[in-house]
Amino acid sequence: MALPDPWPSTEPFATGMLEVGDGHRLYYEESGDPAGTPAVFLHGGPGSGSAPWQRTLFDPERFRIVQFDQRNAGRSTPSAADPVVDLSSNTTAHLITDLERLRTHLGIDRWLVVGVSWGSALGLAYAEAHPERVVAAAFGALTNTSAREVEWITRAMGRVFPREWERFAAGVPAAERDGNLAAAYARLLHDPDPQVRERAARDWCAWEDTHVGTFPGATHDPRYDDPELRLRLARLVTHYWANAGFLPDGQLIRELPRLTGIPGVLVHGRLDISSPPDIAWQVARGWPDAELVLVDDAGHGGGSWVAELRGGIARL
């Protein structure tokens, strides 16, 4: 079956800021057909924010496309790049509640849930908490943000990139290099000295740029050249990774039976070193109603898995 070309990235027909408590205001926008099937997109990171390319996954004549920036990300306020930002009210449980507030605010009964990378973990957590609100789901470049996965991506993966990992580990004080590296970076990223924060953000994003770009034709991600985005992304990623996604270990796999009867598509690259393919495989084993697509030429940060996800959404 031929995969669909990218759908046009139509301009939003509505935008807004939604107050969700704890001093947080979430930016959201809607595009596509106002009378179409509601579909919400969950961005990765955590902290990368919504972007126009994400609309190209959806047929704008079929879907009412909802995008939003998660707490402290993108155009939501306060920004994680603010020097004195407090992230204590930013957890997975908070984000699940935010999704329900947004759904209610928009007058949506049930919607298609789509997420990539961290967005797949959030999407699974949301669907397992509120299966009655999910008509179908599609996830790409899956992660569960489990303690095992965080240990892999911050430490064990150094076996694949030894030189780059040594530089990454050297970014924290020697006394902290045998512990939770995400937590050590999180502390540096909130240091009172802006030069300490900037160096930590650069070191963290250099490591991300290394392990995400494992697919043919991968190049440096220019997003990491933006100092504000670097700090915002690094702070939010380390906040979540230091706490294993604020989820009980193994919860997302244990609660997959709650998705019984919900059709799904799982798309993952075989060259994904950041989130090895066994993550998607385990999710598929526990969710028989989901179709698993493994893509030979794709890594975490790119390759044809995006086109496969677009095709999967079209089949739902």
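The values are calculated or read from the model by the stated rules, or taken from the named source; none is laboratory data. Only a predicted model underlies this, so the values are computations on that prediction, with no experimental measurement involved. Neighbour counts run over all protein chains shown; Cβ positions are idealised from the backbone, glycine included. Note: areas computed on protein heavy atoms with side chains; ligands, DNA, RNA excluded. Shrake-Rupley method; radii C 1.70, N 1.55, O 1.52, S 1.80 Å.
Brief remarks on what is shown
- Any hit, region 27-46, residues being without any contact (Cβ under 8 Å) to a residue 12 or more places away in the chain and either closer than 22 Å to Ala201 by Cβ or aliphatic (A, V, I, L, M) (or both): no
- Residue match in region 245-256 (condition: assigned to a helix (DSSP H, G or I), under 28 Å from Glu198 (Cβ atoms) and in contact with a Ser or Thr (Cβ under 8 Å, 6 or more places away or on another chain)): yes
- Here Met157 meets the list (1) part of a helix (DSSP H, G or I); (2) touching a His at 6+ places or on another chain (Cβ under 8 Å); (3) closer than 21 Å to Ala93 by Cα almost entirely, failing just condition (3).
- All positions within region 160-174 that are open to solvent by 60 Å² or more (accessible area, probe 1.4 Å) and assigned to a loop (DSSP other than H, G, I, E, B): Val160
Here is a yes/no grid of residues against (1) open to solvent by 40 Å² or more (accessible area, probe 1.4 Å); (2) over 20 Å from Gly123 (Cα atoms); (3) not β-branched (Val, Ile, Thr):
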{"residue": "Thr37", "(1), (2), (3)": "yes, no, no"}
{"residue": "Ser48", "(1), (2), (3)": "no, no, yes"}
{"residue": "Val66", "(1), (2), (3)": "no, no, no"}
{"residue": "Ser76", "(1), (2), (3)": "no, no, yes"}
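- Matching residues in region 149-176 - criterion: being in contact (Cβ under 8 Å) with a residue 24 or more places away in the chain and farther than 18 Å from Glu198 by Cα: Glu149, Val150, Trp152, Ile153, Thr154, Arg155, Met157, Val160, Phe161, Glu164, Trp165
Residue-wise test of (1) part of a loop (DSSP other than H, G, I, E, B); (2) under 21 Å from Phe63 (Cβ atoms); (3) in the same structural domain as Gly140 (by the TED database).
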position	(1), (2), (3)
Leu236	no, no, no
Gly261	yes, no, yes
Val267	no, yes, yes
Ser275	yes, no, yes
Glu291	no, yes, yes
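- Val283 crowded, with 23+ Cβ neighbours inside 10 Å, touching a Pro at 6+ places or on another chain (Cβ under 8 Å) and hydrophobic (A, V, I, L, M, F, W, C): no
Conditions tested, residue by residue: (1) of a type in the set (D, E, K, R); (2) closer than 20 Å to Arg315 by Cα.
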position	(1), (2)
Asp5	yes, yes
Val20	no, no
Glu30	yes, no
Gly36	no, yes
Leu42	no, yes
Ala51	no, no
Leu57	no, yes
Glu61	yes, yes
Arg64	yes, yes
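- For region 177-233, the set of residues classified as within 25 Å of Ser304 (Cβ to Cβ), surrounded by 15 or more Cβ atoms within 10 Å (Cβ to Cβ), touching a residue at least 24 places away in the same chain (Cβ under 8 Å) and among the acidic types (Asp, Glu) consists of Glu208 only.
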